[in-house]
Amino acid sequence: MADHLIVIPVFNEAATIEGLVIRARAHGTVVVVDDGSSDASAAVAARAGAELVRLPRQRGKGEALRRGFDAALARGAERVVTLDGDGQHDPDEIPRLLEVSLGHPDALVVGGRLGHGPDGNPDEPGYCVIPRERLNAMRVAGFFIDWLTGYALRDTQSGFRVYPLPLLTAARGRRGGFVFETEMLLRAAALGLPLVETPVTAVHHANRRSRFRPLRDGIAVTAFLTAKGAWRWVCDFAMVLSALVRPFLGERRKTRHREVMAATAGTRDNFGAFMLAVAAFALARTEDTWVRWWHDPRAIQIREAGLATAALPLLVVLALAQGVLGRVGRDPLTPFIRRVYAQDRIARALRSSHVRGRTPS
């Protein structure tokens, strides 16, 4: 059998699932997980040649994916390809994701729909077809997910992915709905598994509503990221505190004492000169430390994330006002998000961290 299984979770997707399954079957065995659909999704998928896993009632995308992963593990698959059942992913691009996965066998591979040029360029593939409201939500979530995982992914909300066996066996995921896919990104990074993004075509059907519900699903994802972000801030605070006290402990304290003695040599007989030399040494070392720390990728991440976190109340206000201002052609929300939650800035700091051999704690 093939070393991969293609899993498609569906809920009332009878209009799109047949063509999707037929095209996906050209690239491997397809399992459709029917999440309690009330239409003919299951029958249409079976007719197109998919194997079925049926849930008696709607349990959400997270549970549907878990059932698909269970089916893959039972078959001995080494990786699982997932794509959505609403037709927003092109099955003919499955080989591209599998090729990347073969080159990075332990990585969670994400099919990115948003291009890889300057953040927010409306001429890039993806930006021009995804609705503005959804794109704004993706940018904000993507910023914090990049910060939390330590990997620069532009499209963190894509369901077109390849999950590796090490992740499937180590992290089943506990969250439901759309939070599940965000959780799996964080779990993979926590396990030390790489996150790799590769470009895919963005497909948007103007006459079909997204299954993502901004109020319920948006609040669930935000609550999950808020909890993870709070813990990250605790870790970052501990890191800063440790950096401040480390020079006064153990061998570092002894080294610093020898440096002070060398800097004040020849002034021991003059108390005033001695104190001036000590002060000059302390000021020079403090300046050097702060300059290096200011340019340290970890400090840059802290500043960027701190600004983005502090701006969350204003983000909420602008999001609420957008409903009214949008009617008169005003959009203060999008430029605000592009400015404060620019993934390119956090990505540069993350890349520098990896170059220096550092990843966020």
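If you scan segment 140-198, which residues turn out to be within 9 Å of the chain's Cα centre (by Cα), within 21 Å of LEU98 (Cα to Cα) and surrounded by fewer than 21 Cβ atoms within 10 Å (Cβ to Cβ)? Hit for segment 140-198 is ALA152, nothing else. Taken over segment 55-64, residues that are surrounded by fewer than 24 Cβ atoms within 10 Å (Cβ to Cβ) and under 21 Å from the mean Cα position of the chain (by Cα) amount to 3. Name the single residue that is surrounded by the most Cβ atoms within 10 Å (Cβ to Cβ) among those in segment 14-32 being under 8 Å from ALA48 (Cβ atoms) and charged (D, E, K, R). Filtering segment 14-32 for residues that are under 8 Å from ALA48 (Cβ atoms) and charged (D, E, K, R), the one surrounded by the most Cβ atoms within 10 Å (Cβ to Cβ) comes out as GLU18.
If I go through segment 296-335 residue by residue, how many of them are under 16 Å from MET239 (Cα atoms) and open to solvent by 80 Å² or more (accessible area, probe 1.4 Å)? Total satisfying the criteria: 1. Flag not set for ARG351, criterion: of a type in the set (Lys, Arg), open to solvent by less than 80 Å² (accessible area, probe 1.4 Å) and touching a residue at least 12 places away in the same chain (Cβ under 8 Å).
Filtered by the rule that a residue be open to solvent by less than 60 Å² (accessible area, probe 1.4 Å) and not hydrophobic (A, V, I, L, M, F, W, C), segment 257-288 gives THR264, THR267, GLY272.
The values are calculated or read from the model by the stated rules, or taken from the named source; none is laboratory data. Just so it is clear, the structure is predicted and the values come from calculations on it, not from any experiment. Cβ atoms come from the backbone with ideal geometry, glycine included; neighbour counts cover every protein chain shown. To get the accessible areas, we keep the full protein, side chains included, count just its heavy atoms, and leave off ligands, DNA and RNA. Shrake-Rupley method; radii C 1.70, N 1.55, O 1.52, S 1.80 Å.
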